[in-house]
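The values are calculated or read from the model by the stated rules, or taken from the named source; none is laboratory data. Here the structure is a predicted model, which means the values were calculated and not measured. Methodologically, a virtual Cβ is constructed for each residue, glycine included, from the backbone with ideal geometry; neighbour enumeration extends over all protein chains shown.
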Amino acid sequence: MKKLILLLLIINILSNLSAIETVRLNGGTFTQGSPVEEMGRSSNEAQRQVTISPFYIGIHEVTQAQYEEIMGTNPSNNKGPNLPVEQVSWLDAIEFCNKLSEKNKLTPVYTIDGRNVTWNRNANGYRLPTEAEWEYACRAGTLTVFNTGDNITSAQANYDGTRPFNNNERTEYRRATVPVGSFAPNAFGIYDMHGNVGEWCWDINGMYAAGPQTDPVGAASGGYRVFRGGGWNHPADFLRSAKRSANTPVTKGHYLGFRVARNAR
């Protein structure tokens with residue numbers, strides 16, 4: 001009897017470790033991009049008004065335990081079950097989303113044909129957030145450079161603190177990923193939107209379409225996919241809420257991971 005109870009306890013612990021926890025965001029209109037006076041701003045961050053429909057988003061970056069349960073492998077360089085998975089390409093993240101949907105008896109979102117991926121926007125399965133959804137979730141109602149204000153420190157996020165924002169005081173550089181949820185969440189209850197690993201988004205990289213937008217999905221064509229948030233090895237500038245980064249969909253890096261989203265409409 002004691003062995004059975006112990007076995008059930010272990011199963012429960014493992015189940016909790018690998019479960020994907022999400023939060024529902026009710027959507028709304030926000031200002032995407034950065035003001036012209038923001039330090040470190042790039043020309044591709046032109047501000048625009050964006051309306052976001054309700055959606056669910058993971059409160060944590062996908063962990064190695066979660067990824068290994070679904071994919072059967074752990075490609076990460078810095079190993080640990082509660083560390084964010086890294087060394088995953090955009091295509092790896094897309095495949096994970098479909099397999100996670102299948103496991104949970106949801107309709108897969110993506111049709112994958114080699115490197116060509118199409119998105120069924122009516123499907124109820126797991127997916128990557130769009131770039132606009134990601135920034136909406138990251139900002140959590142803030143208009144400042146970071147969701148922590150106009151500066152960020154190593155007590156608030158995992159990044160290269162020896163390269164601070166706007167010549168602020170240098171802080172700690174941990175030189176590796178840390179367990180998800182190691183720092184305080186933002187006002188939406190979401191963790192690690194700044195630092196730890198850069199997070200793949202759905203969008204093809206390109207200049208923002210001008211004027212007000214509703215649920216934009218990025219450029220129509222191009223060879224690079226967006227990732228957001230900056231990683232453990234990036235300077236503070238890369239952690240800005242408006243900062244846009246991109247790489248090829250087959251690129252794998254020890255600073256690249258992701259979090260999942262789902263439709264809520």
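A few remarks follow.
- When residue 169 is tested against (1) surrounded by fewer than 22 Cβ atoms within 10 Å (Cβ to Cβ); (2) within 20 Å of residue 53 (Cα to Cα), just one condition goes unmet, and that condition is (2).
- Cβ-Cβ under 6 Å pairs, at least 6 apart or on other chains, the stretch 31-57 side surrounded by fewer than 16 Cβ atoms within 10 Å (Cβ to Cβ), far side of a type in the set (A, V, I, L, M, F, W, C): 44/207; 54/264
- Any pair with Cβ under 8 angstrom, 6 or more apart, that starts in the stretch 73-97 at a residue that is more than 18 Å from residue 247 (Cα to Cα) and among the aliphatic types (A, V, I, L, M) and ends at one that is modelled with pLDDT of 95 or more and surrounded by fewer than 21 Cβ atoms within 10 Å (Cβ to Cβ): 83/178; 83/179
- Complete set of residues in the stretch 146-160 that are more than 17 Å from residue 39 (Cα to Cα) and small (Gly, Ala, Ser): 154, 155, 157
- Within the stretch 129-152, being of a type in the set (Ser, Thr, Tyr), surrounded by fewer than 24 Cβ atoms within 10 Å (Cβ to Cβ) and under 18 Å from residue 24 (Cβ atoms) holds for one residue alone: 130.
- Qualifying residue in the stretch 111-118 (condition: surrounded by 21 or more Cβ atoms within 10 Å (Cβ to Cβ), outside any loop (DSSP other than H, G, I, E, B) and not basic (Lys, Arg)): no
- Residue check for residue 230: of a type outside the set (A, V, I, L, M), buried (at least 21 other Cβ atoms within 10 Å of the Cβ) and within 22 Å of residue 83 (Cα to Cα): yes
- Qualifying position, being over 16 Å from residue 58 (Cβ atoms) and not hydrophobic (A, V, I, L, M, F, W, C), among 99, 105: 105
- Within the stretch 172-193, the set of residues being crowded, with 24+ Cβ neighbours inside 10 Å, closer than 19 Å to residue 22 by Cβ and not aliphatic (A, V, I, L, M) comprises 192 only.
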